[in-house]
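Peer 1: The structure is given below, and queries will be raised subsequently.
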Amino acid sequence: MSEKHAGGRPSKYTEELVHKAKQYIVSYETYGDVIPSIAGLASVLDVSRTLLYDWEKEYPEFFYILEAIKREQQKVLLNKGLTGDFNSQITKLVLGKHGYHDKQDVGLTGGVNIVLNGTNADV
């Protein structure tokens, strides 16, 4: 008889699952993934992405697993984007999730004329 989780159902979170998650980080390509991803891990573990995020909050070890996936994803995107192995627009889109953004500096030139109580003040 399996132990019940506080919410009623037994948890799917096991040492075997943790091991499989760690293996995914280094062998994601064997599962047909071009880059490691949370969605890819969820598919391999046969759980929802929502459950992975719940485990991230509940289990410190799983927090580090998801962080490792994000780091590896970022590294692969940067390297393969720079070598031209990946489509630049898709690479840019996904790197946007990691905080990378195209940025244009837009400056204003010219003055502003402010009238206060009938007196002109150029700024």
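Peer 1: Are any of the residues in the range 67-82 out of contact with any Ser or Thr (no Cβ under 8 Å at 6 or more places or on another chain) and assigned to a loop (DSSP other than H, G, I, E, B)?
Peer 2: no
This table checks each residue for (1) under 29 Å from V18 (Cα atoms); (2) exposed (fewer than 13 other Cβ atoms within 10 Å of the Cβ); (3) out of contact with any Leu (no Cβ under 7 Å at 6 or more places or on another chain).
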{"position": "P36", "(1), (2), (3)": "yes, no, yes"}
{"position": "A39", "(1), (2), (3)": "yes, yes, yes"}
{"position": "L45", "(1), (2), (3)": "yes, no, no"}
{"position": "A68", "(1), (2), (3)": "yes, no, yes"}
{"position": "E72", "(1), (2), (3)": "yes, no, yes"}
{"position": "V76", "(1), (2), (3)": "yes, no, yes"}
{"position": "Y100", "(1), (2), (3)": "no, no, yes"}
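Peer 1: Do the conditions hold for L51, that is, is it farther than 30 Å from G81 by Cα, within 19 Å of the chain's Cα centre (by Cα) and either modelled with pLDDT of 95 or more or not aliphatic (A, V, I, L, M) (or both)?
Peer 2: Taking the combined requirement at face value, the residue satisfies it.
Peer 1: Starting from the range 58-76, keep only residues that are modelled with pLDDT under 95, then list their pairs with residues that are outside any helix (DSSP H, G or I) and among the aliphatic types (A, V, I, L, M) whose Cβ atoms are within a distance under 6 Å, requiring at least 6 positions of separation or different chains.
Peer 2: Q73/I35; V76/I35
The values are calculated or read from the model by the stated rules, or taken from the named source; none is laboratory data. Fair warning: this is a prediction, and the values are worked out from it, not measured in the lab. Ideal geometry is used to build each Cβ from the backbone, glycine not excepted, and the neighbour counts take in all protein chains shown.
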